Amino acid sequence: MKTNQVLTRKMGSFDVFQRTSDHMFNGTLLLKQWNNQSRTERKMDNYFNIQGTGEFVETIMAKENLHTPKLVYVKSRASRGGNAGTWMHPLLFIDFAMWINPAFKYDVLKFVYDQLIQYRNEAGDTYKDMCAAIASVSGREEVSSNIQKIAKAINVVVFGKHQREARNKMAEEVWMKELTSLQSKVAELINLGYLKNFSQIREYLLRIWSAKNQPKELAQ
């Protein structure tokens, strides 16, 4: 069972609150901040009464194979505490934030854009760390070749294939997170002495690939 924490993140001049257990955002607290700043009285119910909102909820459910609207948004009965308010699926939260005010659209889109850039930067940083670790267990003449081979192998593990500029062409959030995690793990295992040479690194990645692609029937 996941331990739930509420993360505070910046979106423009506003604080947004996200639960780690299900990744939902608190729409109520965002709306409260907006109303206080703009001195307006936007109502949460007005957003949910829009036909387009209901259609978007159904779209999220269909696209992500969710069997109940409660996996898209949850209206808590609590009036205080960490779980109070209406919690929304990230995509619904983005739609809600842009509904609050058209001028808010820039902050919302920049928030999403900045998150993607952050994942790309983290993937780049862990790649450099991994390359340094690979170099430390490779002969001088083998460093470049070993790094290229391991990078290609990681592309196959994460993206399912290797192709030129794969990390730029397939830079979706879920893949960037997996890429960052795997590169970091490889570097860590090398630096701790568990992977001592190129062959062991390759065998480790092969085990990761095999586990990831094992048929569900054999995993039970």
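For the reader, a short list of remarks on this structure follows.
- With Cα atoms, 0 to 90° folded angle of helix 27-38 axis to the chain main axis: 60 degrees
- Candidate lysines for bridging to Lys110, where Cα separation is under 19 Å - those fewer than 8 sequence places away on the same chain excluded: Lys10
- Extension gain for Ser136-Ile50 works out to 25.0 nm (0.36 nm per residue, less the C-alpha to C-alpha distance).
- Full extension of the segment from Lys152 to Thr68, taken as 0.36 nm per residue of separation minus the current Cα-Cα distance, would add 26.2 nm.
- Using the Karplus relation 6.51 cos²θ - 1.76 cosθ + 1.60 with θ = phi - 60°, the per-residue 3J(HN,Hα) values for the range 141-146 come to 7, 9, 4, 4, 5, 5 Hz, with x marking Gly and Pro.
- log₁₀ of I(q)/I(0) at q = 0.16, 0.19, 0.24 Å⁻¹ - the range 1-62, Debye sum with one point per alpha carbon: -0.70, -0.91, -1.06
- Long-range tail of P(r) for the range 6-100 (Cα pairs > 15 Å, %): 60 percent
- Compared with the dominant Cα axis of the chain, that is its longest principal axis, helix 105-136 is turned about 20°.
- FRET efficiency for the pair Asn101 and Thr59, taken as 1/(1 + (r/R0)^6) with r the Cβ-Cβ distance and R0 = 25 Å, rounds to 0.60.
- The chain: angle of helix 90-100 to the longest principal axis, Cα-based, in degrees nearest 10: 40 degrees
- The chain: proportion of alpha-carbon pairs further apart than 25 angstrom, %: 54 percent
- Whole-Hz Karplus values for the range 156-162 come out as 5, 5, 7, 9, x, 6, 10 Hz, taken residue by residue from phi with 6.51 cos²θ - 1.76 cosθ + 1.60 and θ = phi - 60°; glycine and proline positions read x.
- The alpha-carbon positions of the range 84-151 define a convex hull whose volume is 126 Å³ per residue.
- ³J(HN,Hα) computed for each position of the range 193-198 - Karplus, 6.51 cos²θ - 1.76 cosθ + 1.60, integer Hz, glycine/proline x: x, 7, 10, 9, 7, 4
- Reach of Lys128 by Cα under 24 Å, taken over lysines that are not fewer than 8 positions away in the same chain: Lys149, Lys152, Lys161, Lys169, Lys177, Lys185, Lys196
We did not get these values from a lab; they are worked out from the coordinates using the rules stated. Keep in mind the model is a prediction, meaning the values are calculated, not measured. Using ideal geometry, Cβ is built from the backbone for each residue, glycine included, and neighbour counts are taken over all protein chains shown.
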